[in-house]
Each structure stands twice: as C-alpha cells, then as structure tokens.
Amino acid sequence: METSLFKKAWEHLEASVVKYNGKPVGTVAARDSSPGGVNYDQVFTRDFAVSAIAFLLNGQTRIVKNFLSTAVALQSREKHFDCFKAGEGLMPASFKVDADDSGKPVLIPDFGEKAIARVAPVDSGLWWLYILRVYVRITGDRQFAKQPEFQQAIRLILELALTNRFDMYPTLFVPDGSYMIDRRMGVYGYPIDIQALFYLALRCARELLAQDDAQNTVYADAVRERLGHLTYHVRNNYWLDFDQLNAMYRYDVEKYGEDIANKFNIFPESIPEWLFEWLSDGAGYFAGNLGPGRMDFRFFSAGNLLSIIASLADSEKALAIMNLIGNRRADLIGCMPLKACYPAVSGKQWEAVTGSDRKNAPWSYHNGGAWPFLLWVLAAAGVKAGRQDDCRQALAIAEKRLENDRWPEYYDGQKSRLVGKYARYYQTWTCAGYVAACTILANPEKTAPLLFEQDEDVIGCAVRVGKQY
Ligand code: GLC
C-alpha cells in the first residue's frame, strides 16, 4: 500500500513536526517560506487534529499524547468577566514555541487575541476531545484520559459549550470566523460544520468522563440530554431532501403556536433557484445553517461528513449525503476533492456576506474553494456509509496533482482546477489528510476508532423530545 506518493506525504508530515524541550508536541500549519507567512508556522489545534489521525492510524502515538497534554497545560483558566482574555475552558486556536529572555523555550498560545480579525476558536476544545477519544481507542490507555487534569479539562470544555445563553436551541451559537472558516462568510449563528463537530465531541465526552468520579455525574447527564436534543433538532430541522424542499416551497409563513410546520418562519422566496435542480433524487443533506427566519441552503462538506462519522445522520441520511456527493461529483470533487462549501456567493451577495473579502472571492478559499485535507473525513464517512469505492476515485483524482502542485492548502475555480490564489505550499493538513485517507481506505477495519455507532439511549431521548416539542 505504501506508494511513493504516500511516502512523500509522510515525509512532509514528519518534516512539519514541532519540538518543545526535545519532545514532539505538534505540527506547523505549513512549511512555506514565501513572504507574509503570518501564523502558518504555529501549531493549530484544528490542523493538528488531521495530523493526529494520520499519526495514530500509523502507529505514532507519542506526538499525539504530548500534544494532548500540552493543550491541557495551555487551556485557559482565566475567570469569565474580562472579555479581552480567553474565557475559562477555551483551548488555544494555535501555539508556538518561543524563547523567554533567558533563552529558555516557552509555549505561547493564541486564543484569537493576535489572530487576523481577532477570531477566537469555538472548535479547538471540540477537536481536542475527538483527538483524545481516538488516542484512547487506538492505544487502549484509558488511564491517560482519567488523569484529574484531563477530567477537569473535559468538564471545563463542557461548561463553556453547555452553558445556557439567550438562545433556546440545542445547537451551539457560533460567532463569525471562529472555526475552520475563520473569516466573515455568513456562517455565524448555528453552522452545521460546528453542530456536527459539537455532537461528535459530546459523544467523545460521554465516553471519556470517568464514571467513578462523583463530580462527573451532572456533566454526564447534561451531555446525554443535549445529545438527544441535538439529534432531534438537527435531524428534523436541518435536513433537506426533495420532499422537504417541496414542502418548504409551499410553506405558509407568519404562523404562531406549537403545531406548525414552518417553525423558524423561513420564507419560500429565500430558497435559491440553483437548489431546485441541484438536489437530486435519492439525495439529501443537512442545510448549512438555521436560525430565526433564516436557512442557509449552501452545502457544507465538513459538517455533513462529520455527521456521518458521529451517527448524527442515521444510515439512511448518511447514504443520501453520499449519494449527493456522488451525483454532484463535478461540482464537489471536480479536479480536486473537496469543496468546503457549495456554491460560492458572488456579486452583491459576496460584498454583503464577506465584506468584499478578496481572499474569499467567488470560487476561492472558503467561498467555494476545494480543500484536500477533507479527504480524511470523506474516506472515514465513506467507510461508515459503505461507499469506499467512490472515495477511492476521489483519492485517485487528488493523487494526480498533489505532489506536482507542492501540497497546496486549497484549490480555486468552479471545478477546482487552479492552485489557490493565496494558498500556502506544503500545507501540513493537506499531507496529513492524504496520509489518513490512504490508510483508512487501505484498511477500513482500522477506521472503527474514528467512528461512532448510533447511541440508542440518545435516540430514545430524541424521540421523547420530538413528542414534547
Ligand atoms: C487558515 C484556515 C484555518 C486554518 C489555518 C491554518 O486560516 O482558514 O482553518 O486552521 O489557515 O492552516
């Protein structure tokens, strides 16, 4: 299985390793010496999640263990009320190894206070939980997660994510630019990318909270209840297939009360025309976002694929999502898998949604660009849904270009033919995503630690919620 391309990707991945006091603790985002490197020389939590999966699936567990402990040490323990400091429980978006005045190495975290546009990460703690779960599953080292500081870290993440706020949805409120799409892109609110990751992280927490710790009972109960509510809300209200689309097309609006179909007061006029043809028979997906008077009809790949991995999508919905990717291969895979979102926003809408962001020009970067790091999640979801062959085809398409193109961060164009305009070369998660996808597709049985089966206890809770609301 170890092709020369796999070996090259692996070498690039190893070359990106960052050491602290002689120990490997993470991987830089990109090894690109072109000017304006900004913070690509740092270890990003979300980017490292992909490296972690590649390492763990290939028997390299030490770097992941060190990363997990480093993140716990860096997790914010500041009180809540100073808004210029990271809130308690937040895990850094990224960190770097620097030297103090005496030349001693120190770790400098960035919670968003230095990042372009000052974006704080909602996703870091969620990714940390997932990496920890995969680590524990692969090594069998449950004691590692049972350490008091790890249990405390889990509780702090849960407190931050589960606290009641002003909204009365089970979904997690997401400010602008606070996850992989870290720029203004109209993804504020309740984007599916984060709701699926949130669900996945809660499933991890349910497994990782030590049962013999009395402090954990209240957290375990809250997690179970939230999983049930999320299942109900996302499965019923985000799902789009042809029947649902047709029902929405004929929606009544301005309805008050409990037993109404159009709960969020979505105006049929807001359904974009492209969708009527694009949503093929036998296909379906979770909409990009849902809030008062708003459904974002764009297709977001990460959220839909993560929902398959976490069993937020049941097996029927998982197949429908994979059918959509298969039927719309030209749009979503094209010359390079996989578009982060489809379609691009353009014209006046682009001006309003992105703030005329030239990096997010139509069919570029987050706005309809393709991100090869997503190959890992495509492969894992493909295995879960029994669609390995489609994923192998996607991998073969990527293989034609990645090495020649120097493992770029992303691709541009409606069919993803161009190397991204401002893409970094030797982007680590591009290499790691490829390594992980190859490993998953060569040994599907190795994928179990990445996946979750449907939790019947949670489904029971979702059914009860459905009867209530
Ligand atoms: C860009 C991406 C972000 C990623 C970072 C480092 O800012 O939008 O998702 O984590 O680069 O690769």
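Worth pointing out:
- Each residue in region 56-99 was checked for being assigned to a helix (DSSP H, G or I), buried (at least 18 other Cβ atoms within 10 Å of the Cβ) and free of Cβ contacts under 8 Å to residues at least 40 places away in the same chain, and 1 of them qualify.
- Looking across region 148-187, the residues that are out of contact with any helix residue (DSSP H, G or I) (no Cβ under 9 Å at 6 or more places or on another chain) and free of Cβ contacts under 8 Å to residues at least 24 places away in the same chain come down to Pro148, Thr163, Asn164, Arg165, Phe166, Asp167, Met168, Phe173.
- Neighbours by Cβ (under 7 Å, 6+ apart or cross-chain): first from region 102-131, closer than 17 Å to Ala310 by Cα and of a type outside the set (A, V, I, L, M); second outside any loop (DSSP other than H, G, I, E, B) and within 14 Å of the ligand (Cβ to nearest atom): Asp123/Arg46; Asp123/Ile194; Asp123/Leu197; Trp127/Thr45; Trp127/Arg46; Trp127/Ala49; Trp128/Thr45; Tyr130/Ala49
- Listed conditions (1) under 29 Å from Arg184 (Cα atoms); (2) touching a helix residue (DSSP H, G or I) at 6+ places or on another chain (Cβ under 6 Å); (3) more than 16 Å from the ligand (Cβ to nearest atom) are all met by Cys438, apart from (1).
- Residue match in region 218-239 (condition: farther than 30 Å from Asp141 by Cα and among the charged types (D, E, K, R)): yes
- Exactly one residue out of Leu227, Leu197 is within 16 Å of the ligand (Cβ to nearest atom) and either of a type outside the set (Ser, Thr, Tyr) or outside any helix (DSSP H, G or I) (or both), and it is Leu197.
- All of Asp455, Asp405 fail the test of being of a type in the set (D, E, K, R) and either touching a residue at least 24 places away in the same chain (Cβ under 8 Å) or under 25 Å from Ile308 (Cα atoms) (or both), apart from Asp455.
- Looking only at region 388-418, residues that are surrounded by fewer than 22 Cβ atoms within 10 Å (Cβ to Cβ) and in contact with a strand residue (DSSP E or B) (Cβ under 6 Å, 6 or more places away or on another chain) come to 2 in all.
- Every residue from region 14-55 that is assigned to a helix (DSSP H, G or I) and surrounded by fewer than 17 Cβ atoms within 10 Å (Cβ to Cβ): Glu14, Ala15
For (1) modelled with pLDDT under 95; (2) of a type in the set (D, E, K, R); (3) within 16 Å of the ligand (Cβ to nearest atom), each residue gets a yes or a no:
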{"position": "Tyr40", "(1), (2), (3)": "yes, no, yes"}
{"position": "Val64", "(1), (2), (3)": "no, no, no"}
{"position": "Thr70", "(1), (2), (3)": "no, no, no"}
{"position": "Glu78", "(1), (2), (3)": "yes, yes, no"}
{"position": "Phe84", "(1), (2), (3)": "yes, no, no"}
{"position": "Gly103", "(1), (2), (3)": "yes, no, no"}
{"position": "Ile116", "(1), (2), (3)": "yes, no, yes"}
{"position": "Asp123", "(1), (2), (3)": "no, yes, yes"}
{"position": "Trp128", "(1), (2), (3)": "no, no, yes"}
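- Some residue of region 103-125 being of a type in the set (Val, Ile, Thr) and closer than 22 Å to Phe198 by Cα: yes
The values are calculated or read from the model by the stated rules, or taken from the named source; none is laboratory data. Computed from a predicted structure; not experimentally measured. Please note: Cβ atoms are built from the backbone with ideal geometry, for glycine as well, and neighbour counts cover all protein chains shown.
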